[in-house]
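Undergrad: Here it is: the structure, laid out below.
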Amino acid sequence: EAQVTQNPRYLITVTGKKLTVTCSQNMNHEYMSWYRQDPGLGLRQIYYSMNVEVTDKGDVPEGYKVSRKEKRNFPLILESPSPNQTSLYFCASSLGSYNEQFFGPGTRLTVL
Amino acid sequence: GQQLNQSPQSMFIQEGEDVSMNCTSSSIFNTWLWYKQDPGEGPVLLIALYKAGELTSNGRLTAQFGITRKDSFLNISASIPSDVGIYFCAGQLRNQGGKLIFGQGTELSVKP
């Protein structure tokens, strides 16, 4: 089944403890992106990647890192999480940057 | 940066009623998209609009790309309980690497 998977789905952590949220897609898509969803703000793009080893900042990149070493994986890294990064995170992928984006199921992160 | 204003924020309707929601922006977009998010899941694309003035239907859903390219609306006819969820509009610009700008969302509740 064609899909975008994220792990973990739920995570509670403490301030400053490094964490990684994984994202993987099995559709051979070139474009991948991370969004965060907050009440009243919709979804905002954190980082995106046009292809392997090509990444760029979205609208809210502060406090996040990404890497794209393989086409299928696009992990989101929080080196030193803070409470304002408590949010619902979505990974998305598409064939190209202007094709339909398919979203993963989301990762709910709480930083205490 | 670009912003989308989506209204209404929430709607409580009776099964069988028609629903209308819209998005406006101060920026011009090349593409307008409408997504639905079910509880605990990622957004799923409902309708994509690519040309100013375009009117597109998907079953009971109809969406239009405003002729000024700064707005779009989504209508749902004869609502049913499974229409419950959060609906997002999103705009996309051709020169911004595929980034989606999302509205704040409209939360729809349908009373059987």
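Undergrad: How big is the charge dipole of chain B about its Cα centre, in debye rounded to the nearest 20, if each Lys and Arg gets +1 on its Cβ and each Asp and Glu gets -1 on its Cβ?
TA: Numbers: 8 positive and 9 negative charges, 105 e Å.
Using only the charged Cβ atoms, the result is roughly 500 debye.
Undergrad: Residue by residue through A:13-23, how many Cβ atoms from other chains fall within 10 Å of the Cβ on average?
TA: Working: counts 0, 0, 0, 0, 0, 0, 0, 0, 0, 0, 0.
Average neighbour count from other chains, rounded to a whole number: 0.
Undergrad: Per residue of segment A:95-111, what does 6.51 cos²θ - 1.76 cosθ + 1.60 with θ = phi - 60° give for ³J(HN,Hα)? Whole Hz please, x for Gly and Pro, Karplus curve as stated.
TA: 4, x, 5, 10, 8, 4, 8, 9, 9, x, x, x, 10, 8, 10, 10, 10
Undergrad: Per-residue Cβ counts within 10 Å, from other chains only, averaged over A:94-101: what number is that? If you can, show how the numbers build up before the last one.
TA: Working: counts 1, 0, 1, 6, 8, 2, 4, 9.
The per-residue average across the peptide is 4.
Undergrad: Let me ask another. Rounded if a/c is under 1.5, else prolate if a/b beats b/c, else oblate: with a ≥ b ≥ c from the C-alpha gyration tensor eigenvalues square-rooted, which is chain B? Write down the numbers at each step before the final one.
TA: Numbers: a/c = 2.00, a/b = 1.66, b/c = 1.21.
Note, shape of chain B comes out prolate.
Undergrad: Along the Cα→Cβ direction, 7 angstrom out, place labels at residue A:110 and residue B:60. What is the inter-label distance in nm?
TA: 3.5
Undergrad: Where does the charge balance sit around residue A:50 when Lys and Arg score +1, Asp and Glu -1, over other residues with C-beta under 12 Å from its C-beta? Each step should come with its number before you reach the end.
TA: Values: positive: A:68, A:71, B:99; negative: A:30, A:53, A:56.
Around residue A:50, the surrounding residues sum to 0.
Undergrad: Which aspartates and glutamates have a Cα lying under 15 Å from the Cα of residue A:69, excluding residues fewer than 8 positions away in the same chain?
TA: Within the straight-line limit of under 15 Å, residue A:69 reaches these aspartates and glutamates: A:30, A:53, A:56.
Undergrad: I want the local charge near residue B:21. Using Cβ-Cβ distances under 12 Å, sum +1 for each Lys or Arg and -1 for each Asp or Glu among the other residues. Spell out each step's value before the answer.
TA: Working: positive: B:36; negative: B:18, B:71, B:83, B:107.
Around residue B:21, the surrounding residues sum to -3.
Undergrad: Which order do the peptides A:51-58, A:98-105, B:64-71 take when ranked by the mean count of other beta-carbon atoms within 10 Å per residue, highest first? Present the calculation step by step, with values, prior to reporting the outcome.
TA: Values: A:51-58: 14.4, A:98-105: 19.0, B:64-71: 17.5.
Taking the mean over residues of other Cβ atoms within 10 Å, the ranking is A:98-105, B:64-71, A:51-58.
Undergrad: How many angstrom separate the Cα center of segment B:1-74 from the Cα center of segment A:1-49?
TA: Rounded to whole Å, the Cα centres lie 24 Å apart.
Undergrad: Within segment B:78-101, name every residue whose backbone N is under 20 Å away from a label modeled 7 Å from Cα of residue B:17 along the Cβ vector.
TA: B:78-88
Undergrad: Report, by chain and number, residues whose modeled amide H sits under 5 Å from the one on residue B:46, excluding near sequence neighbours (fewer than 5 apart, same chain).
TA: So residue B:46 has HN proximity to B:34, B:35, B:36.
FYI, it's all coordinate maths here, none of it is from the lab. Source: prediction; values computed, not measured. Neighbour counts run over all protein chains shown; Cβ positions are idealised from the backbone, glycine included.
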